[in-house]
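Below is one structure, written out as structure tokens, with a few remarks after it.
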Amino acid sequence: MWPRLYHIVTAAAAPLVTALIQSRCRRGKEDPARLGERFGIPTMVRPAAPLLWIHAASVGEANSVLALIDRILTERPLLELLMTTGTVAAARLMEERLPPRARHQYVPVDVPRAVERFLDHWHPDMAMWVESELWPNLILATRRRGIPLCLVNARLSAGSMARWRSLSGLVRPVLGAFSLCLAQDETQAERFRELGARPVACAGDLKAGAPPLAADGAELAALRRCLGERPVWLAASTHQGEEEAVAAAHQRLAATHPGLLTIVAPRHPVRAATICGMLESHGLRVVRRTSGDPITASTDIYLADTMGEMGLFFRAAGIAFIGGSLARKGGHNPFEAARLDCAILHGPDMSNCAAMTEALAQAGATWRVADAASLAAAVSQLLDAPGERARRAGAAARVAAAHSGSLDAVLQRLTPWLDALAPVVDREAELAGDPVAGVAERPRMRAVAGDARA
């Protein structure tokens, strides 16, 4: 009943959804050149090979599966991949980071006509959804077409759990469409079981197992030359309201640390102009990375308003505050900083990465702050004590290394479905001149999916 009612309501609301997307486009939140994709109109040809479709809502979720995508496509050269996301920032990142044989499209709005257009064109052989952005029409239509679905890195906050529980008549059929649910930890697994997902397994957090963020060597060398011996720290993935705290912390620190440079990397670079104006209103001299202007001795703030370069800034800074944690947004992946020799600071809300944060805290690798004053005090102590900074950074790196097995665990669980889609190719046999020897017999997709759901 509930899925049918949702289908009717969303079909009737199609004109309103169209108006909403057009409004978002005017505000820079949609790509005008690719707006048709949001209504299921493709801008690429579907490849003839077996096609795996992965959907990730935004930058964080998309980043978390890049290593998984690399492994899958490397091991299975007969496979092609479609990646969908819902934000402009994630689309730009995917254009830079997706490997060969992978292509990106925007996810269609969850209106029946857009969903059917999308599936009619792409008709993927398997679908994999990341974390917890679940669109009922799209998921249920995919399942009706006999396409197996897997939910990976599944996570629900306590608040989302309460909301989903109140909509159980819709949520249960949607989660029941998945052939497999791989949760980040046992707490998350229990939440998904309660909501009706079956089968559910705990495979670890893909964000914890992601490789170090990449950085262009020439760009890193150039940035380090600009920094010289100046004291520097990074505010990474900041949200609205946090830049004000960072500005106040910088002003406190500058009084005792001459030449201080603070790097601010907002989570959403589209906010850069607003952030720049706010910082300048505090009397701070700002250089935006996108301007191409050099950092000078008088620069107070380097505004890192680009996508896909966080690995560069972590490597250059050595001290990193994790944004989204003062603004009560749940924080962001601290292991990204931990893998790149950073001492880590964060605010009180790291609920998006609770297990990782707890492991770092137990190792004495993080510093929790509450406001601009405590942030400034913590950064000051780390700048004044290089040995303590190195100790905390080393402890963080060891914790991150100890939690690097989640990628293998997820791949192991997905193997029956992936084997049914496209076989693994033994590269040694292929290089030896016998490509057929390395290809396992391809089992039937529907048999595997049916067995797993029984």
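The values are calculated or read from the model by the stated rules, or taken from the named source; none is laboratory data. Only a predicted model underlies this, so the values are computations on that prediction, with no experimental measurement involved. Every residue, glycine among them, receives a Cβ derived from its backbone with ideal geometry; neighbour counts consider all protein chains shown.
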Among residues of the stretch 22-49 being out of contact with any Ser or Thr (no Cβ under 8 Å at 6 or more places or on another chain) and crowded, with 20+ Cβ neighbours inside 10 Å, the residue farthest from residue 112 (Cα to Cα) is 30
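Going through the stretch 96-106 one residue at a time, which ones are closer than 23 Å to residue 22 by Cβ and surrounded by fewer than 23 Cβ atoms within 10 Å (Cβ to Cβ)?
From the stretch 96-106, those closer than 23 Å to residue 22 by Cβ are 104-106; that's our starting set.
Result: 104, single match.
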Within the stretch 318-350, the residues that are out of contact with any Gly (no Cβ under 6 Å at 6 or more places or on another chain) and polar (S, T, N, Q) are 333
Just need a number here: residues in the stretch 52-80 that are hydrophobic (A, V, I, L, M, F, W, C) and under 18 Å from residue 138 (Cα atoms).
5
For the stretch 149-227, please list each of the helices (runs of 4 or more DSSP H) lying entirely inside it that holds at least 3 residues being free of Cβ contacts under 8 Å to residues at least 60 places away in the same chain and under 20 Å from residue 135 (Cα atoms).
158-166, 168-176, 186-194
Looking at the stretch 93-131 only, could you name the residues that are of a type outside the set (Phe, Trp, Tyr) and in contact with an Asp or Glu (Cβ under 9 Å, 6 or more places away or on another chain)?
99, 101, 102, 103, 104, 105, 107, 108, 130, 131
Take the stretch 291-317 and flag every residue that is touching a helix residue (DSSP H, G or I) at 6+ places or on another chain (Cβ under 7 Å) and either part of a helix (DSSP H, G or I) or within 18 Å of residue 96 (Cβ to Cβ) (or both).
304, 305, 306, 307, 308, 310, 312, 314, 315, 316
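Can we say residue 19 is at pLDDT 95 or above, under 19 Å from residue 421 (Cα atoms) and among the small types (Gly, Ala, Ser)?
Values: at pLDDT 95 or above: yes; under 19 Å from residue 421 (Cα atoms): no; among the small types (Gly, Ala, Ser): yes.
In short, no.
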Which of the residues spanning the stretch 248-268 are surrounded by 20 or more Cβ atoms within 10 Å (Cβ to Cβ) and in a helix (DSSP H, G or I)?
249, 250
Exception for residue 243 within (1) acidic (Asp, Glu); (2) in a helix (DSSP H, G or I); (3) surrounded by fewer than 23 Cβ atoms within 10 Å (Cβ to Cβ) falls at (3)
Among (1) outside any helix (DSSP H, G or I); (2) farther than 20 Å from residue 160 by Cα; (3) aliphatic (A, V, I, L, M), there is one condition residue 134 misses while meeting the rest; what is its number?
(2)
Name the residues in the stretch 360-377 that are surrounded by 21 or more Cβ atoms within 10 Å (Cβ to Cβ) and not in a strand (DSSP E or B), would you?
360, 365, 369, 375, 376
Conditions (1) assigned to a loop (DSSP other than H, G, I, E, B); (2) without any contact (Cβ under 8 Å) to a residue 60 or more places away in the chain -> residue 333 fails only (2)
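Of everything in the stretch 23-65, what is small (Gly, Ala, Ser) and farther than 30 Å from residue 352 by Cα? Give them in sequence order.
Quick first cut of the stretch 23-65, residues small (Gly, Ala, Ser) only: 23, 28, 33, 36, 40, 48-49, 56-58, 60, 62, 64.
Within the stretch 23-65, 33, 36, 40, 48, 49 meet the criteria.
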When the residues of the stretch 23-71 are narrowed to those that are at pLDDT 95 or above and of a type in the set (Ser, Thr, Tyr), which ends up nearest to residue 413 (Cα to Cα)?
43
Mind checking whether some residue in the stretch 322-333 is modelled with pLDDT of 95 or more and touching a Phe, Trp or Tyr at 6+ places or on another chain (Cβ under 8 Å)?
no
